[in-house]
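Let me begin by presenting the structure, written as structure tokens, before commenting on it.
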Amino acid sequence: MRNPQLNRHGELTHLITTEGLPRDILTHILDTAQTFVPLADRDVKKVPLLRGKSVFNLFFENSTRTRTTFEIAAKRLSADVFNLNINVSSAAKGETLLDTIANLSAMQADLFVVRHEASGAPYLIAQHVAPHVHVVNAGDGRHAHPTQGLLDMYTIRHFKKDFANLTVAVVGDILHSRVARSNIHALTTLGVAEVRAVGPLTLLPSGLDQMGVRVFTDMKEGIKGADVIIMLRLQNERMGGALLPSSHEYFKHYGLTEEKLALAKSDCIVMHPGPMNRGVEIDSAVADGPHSVILNQVTFGIAVRMAVMSIVAGASA
Amino acid sequence: MRNPQLNRHGELTHLITTEGLPRDILTHILDTAQTFVPLADRDVKKVPLLRGKSVFNLFFENSTRTRTTFEIAAKRLSADVFNLNINVSSAAKGETLLDTIANLSAMQADLFVVRHEASGAPYLIAQHVAPHVHVVNAGDGRHAHPTQGLLDMYTIRHFKKDFANLTVAVVGDILHSRVARSNIHALTTLGVAEVRAVGPLTLLPSGLDQMGVRVFTDMKEGIKGADVIIMLRLQNERMGGALLPSSHEYFKHYGLTEEKLALAKSDCIVMHPGPMNRGVEIDSAVADGPHSVILNQVTFGIAVRMAVMSIVAGASA
Amino acid sequence: MRNPQLNRHGELTHLITTEGLPRDILTHILDTAQTFVPLADRDVKKVPLLRGKSVFNLFFENSTRTRTTFEIAAKRLSADVFNLNINVSSAAKGETLLDTIANLSAMQADLFVVRHEASGAPYLIAQHVAPHVHVVNAGDGRHAHPTQGLLDMYTIRHFKKDFANLTVAVVGDILHSRVARSNIHALTTLGVAEVRAVGPLTLLPSGLDQMGVRVFTDMKEGIKGADVIIMLRLQNERMGGALLPSSHEYFKHYGLTEEKLALAKSDCIVMHPGPMNRGVEIDSAVADGPHSVILNQVTFGIAVRMAVMSIVAGASA
């Protein structure tokens, strides 16, 4: 079976997940993003690649920050952008997801950016849109957040040049994190020497071994000698329940402090997808310290999203 | 008294209702829309007709779908678009509708697209705006939804070429439907041979006879030999009350099934303004079947709204 | 200490408050606005001064009207505009204000328009943004609303030509009004002969004398011989509590009627920042009467906001 993200010429036509994407596609996205990074320093930060195209931000789950990054990226490509908070509109009128999509497609959309709380929704949509319409997943349930994964890869390549000899530790709530999943797939495809998952047992999914990931429940062991540490956001709603005792307890064991960071390589970079819980998963001294590349991730995220949108919109049907 | 939608040269300066609009105005809108339809296949789907103009979407009643169609149409005309959900803003501060309108006019608006739950609000606004400001009704109470009526006319003309010899059945909750009202006025003006209203007695308004409409309470009778069937959305809030027993019962008598559709002409087209209640007013086999032109309506709707906006904005004061 | 709104060349780089702004800066803003006013009569109401720049409307407090005026101004300068209602997004996720700002800055924002219920928030933000980012205060708590102050100055200069010999009365709830504060600072800096504050004792702050303002609790005394009357909006939430008995009582003593207005100069202009409470602080006969320049304020407000945004965005880092 063909990868549903690629057309019959093997070009990327939708971005749903980093899982199963060939290394040359990932590299092509990163290379394309690299051409957009210098735009930031130009007086007019725009290119006409998507001029006259219609990009729909379909956010079935609210996320101002992610929506904004896609809106910026689309406008810098000169597209027309339409923001739709679907939960407050058609869904309330009892229309099915596929009817909503069919309707928006009929308005001659070119690209849907989809955020949905249900895993698989962007894939379902991609299966049903007209051939000229492209779908980019902006986060679906616990499944995937591929543009976050790609911007993390961009950030790593920017600071470490090569993936081959790296040790990368992903730390925190791996179980519920679509970011972790998208990162792990991209890291293994790009040939990172050692990918580690670090967290309490209750927040580690099964099957990590089969993905080629080394599992650690002791954070000090897990980040020892790491070149890259990717901290995950701890959802507040996990706290105080069966999975985790308290944020104080969590910070003690899995919060990234300067003391723990000293165990990693001396030129280790620290990443976080945001928004941060300071004092829960990361100490302010680290978040604002010299190893942090957290704001670089945000900047590169615009260029990576421009790359993804221009690549899929340019793919033939 | 002059038609308040026309200026002293007889040009369309506001679009409030299809009622009383001369046939040549309706035809001019459809002809203009026809010039915009091919834009959809072009790489850059824009024309500069409203460049530098300010279009305000004033939605006093929430409707993401309708707002989006106007936003797309305005942006494809190169206008600047401002979306205002008024119920959550000035109205909450106790400002009167006319003060809100006076203020927005003073910001040099060119065109107001108005959706309001009160019948007559767009007309009231049109009476009070400065001469250079144009008003387009995007649905007011049970009164009118003229752009929906016009896009339905466009769809009928596209598939049937001529209005003269047609039998058109409008089916469902005619009583509460601004779509039905706008369609009936346009259909009779355009010279359709037979316009039928089909629905349960409780959902049929009085006065249909005087509008030149044949009334049917038996759906099979009502759609027999029809060239065009326009199904109406059944508002969920009507259900289970005094007017209607249940959606199951409604579907049995007035839901459009393949079996009932067989009574219409063999080349009959089926229309619906959306969003559909599948299994209530329309069966999925029909909605997705070969007679359905429901998604064509959506596509033509963009072109028709572009036509209306470009025509009124081009009318002299 | 340097004025935090000016860069080391003495140019305006942020607009936080009219307090302490030199007269030549105020005059430069008004002169620049004057060049934008004729745009309104042009067919294409846009200039390319901010083309390719990203303006973020950061509204931590909801205000559709003020947001819209900034959005219009930014789009007429050809900027890309991003609207963020922050209270429903990152803030809900527990992110700090400064992390939100750091993130948005990293997306290569050029200009933040900030509305916040906390006095001082825009100043805090201006202190923490990167050197190339500019901040414009769109209203913070009871502190300042400088663009409203400036558009009021523009309106006064437009109708009265010169500030020197004027008597200007600011009437109403001075205590809670950021508009009053911004106006008083601008009026005194621009050399208005007599600035008066008029209102009930409970709504007058202390310290007005030191600001060079004459205080009146009797409205008839306060507006006698005035060239300009600036009426303030009375927040409904003040009413019926300890500060004020009732809106009826308030209108009787401090509502501007034609009868009271007759005490001012015969060519007196009446201003109001909107939205008006007709029958509370102002009578409809006055609001819609020949002395009212309330809608002119709205129109000039667009030009003044264009001026402020183009000036700060043009300031070197």
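The values are calculated or read from the model by the stated rules, or taken from the named source; none is laboratory data. Quick caveat: nothing in here was measured; it's all calculated off a predicted structure. Quick reminder, even Gly has a Cβ in these numbers, built from the backbone with ideal geometry, and neighbours come from all protein chains shown.
Brief remarks on what is shown
- Scope the range C:63-83; condition among the small types (Gly, Ala, Ser) and out of contact with any Pro (no Cβ under 9 Å at 6 or more places or on another chain); matching residues: C:63, C:73, C:74, C:79
- Residues in the range B:258-290 that are in a loop (DSSP other than H, G, I, E, B) and touching a residue at least 40 places away in the same chain (Cβ under 8 Å): 13 in all.
- For the range A:176-213, a tally of residues being in contact with a strand residue (DSSP E or B) (Cβ under 8 Å, 6 or more places away or on another chain), more than 24 Å from residue A:244 (Cβ to Cβ) and in a loop (DSSP other than H, G, I, E, B) returns 3.
Conditions (1) over 23 Å from residue B:274 (Cβ atoms); (2) away from chain C (no Cβ under 14 Å), marked per residue:
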position	(1), (2)
B:31	yes, yes
B:34	no, yes
B:48	yes, no
B:53	yes, no
B:60	no, no
B:64	no, yes
B:71	no, no
B:76	no, yes
B:97	yes, no
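- Evaluation of residue A:83 against (1) surrounded by 24 or more Cβ atoms within 10 Å (Cβ to Cβ); (2) touching a Lys or Arg at 6+ places or on another chain (Cβ under 8 Å); (3) at the interface with another protein chain (Cβ under 10 Å from one of its Cβ atoms); (4) not hydroxyl-bearing (Ser, Thr, Tyr) (one fails), failing number: (1)
- In the range C:232-243 there is at least one residue matching the filter, namely being touching a strand residue (DSSP E or B) at 6+ places or on another chain (Cβ under 6 Å) and either charged (D, E, K, R) or at pLDDT below 95 (or both).
- Residues located in the range C:7-54, provided they are free of Cβ contacts under 8 Å to residues at least 60 places away in the same chain and touching a strand residue (DSSP E or B) at 6+ places or on another chain (Cβ under 6 Å): C:25, C:54
- Those strands (runs of 3 or more DSSP E) of the range C:75-156 in which 2 or more residues are within 14 Å of residue C:17 (Cβ to Cβ) and at pLDDT 90 or above occupy C:111-116, C:134-140.
- The number of residues in the range C:247-283 that are closer than 27 Å to residue C:139 by Cα and touching a strand residue (DSSP E or B) at 6+ places or on another chain (Cβ under 7 Å) comes to 13.
- Residue in the range C:221-230 that is farther than 24 Å from residue C:263 by Cβ and either buried (at least 20 other Cβ atoms within 10 Å of the Cβ) or not small (Gly, Ala, Ser) (or both) present: no
- Residue in the range C:123-136 that is touching a Phe, Trp or Tyr at 6+ places or on another chain (Cβ under 7 Å) and small (Gly, Ala, Ser) present: no
- Options A:135, A:129, A:215, A:192; residue that is over 26 Å from residue A:296 (Cβ atoms), more than 13 Å from the chain's Cα centre (by Cα), outside the structural domain of residue A:98 (by TED's automatic domain parsing) and β-branched (Val, Ile, Thr): A:215
- Here residue B:140 does not fit the description of being out of contact with any Gly (no Cβ under 7 Å at 6 or more places or on another chain) and at negative phi.
- Considered as a group, the residues in the range C:291-317 that are farther than 23 Å from residue C:158 by Cβ, within 14 Å of another protein chain (Cβ to nearest Cβ) and not in a helix (DSSP H, G or I) include one that is modelled with the highest pLDDT, and that residue is C:316.
- Yes/no for residue C:236 being under 24 Å from residue C:69 (Cβ atoms), exposed (fewer than 15 other Cβ atoms within 10 Å of the Cβ), in contact with a Ser or Thr (Cβ under 9 Å, 6 or more places away or on another chain) and touching a residue at least 24 places away in the same chain (Cβ under 8 Å): yes
- Against the numbered list (1) in the same structural domain as residue C:213 (by TED's automatic domain parsing); (2) among the hydrophobic types (A, V, I, L, M, F, W, C); (3) free of Cβ contacts under 8 Å to residues at least 24 places away in the same chain, residue C:153 comes up short only at (3).
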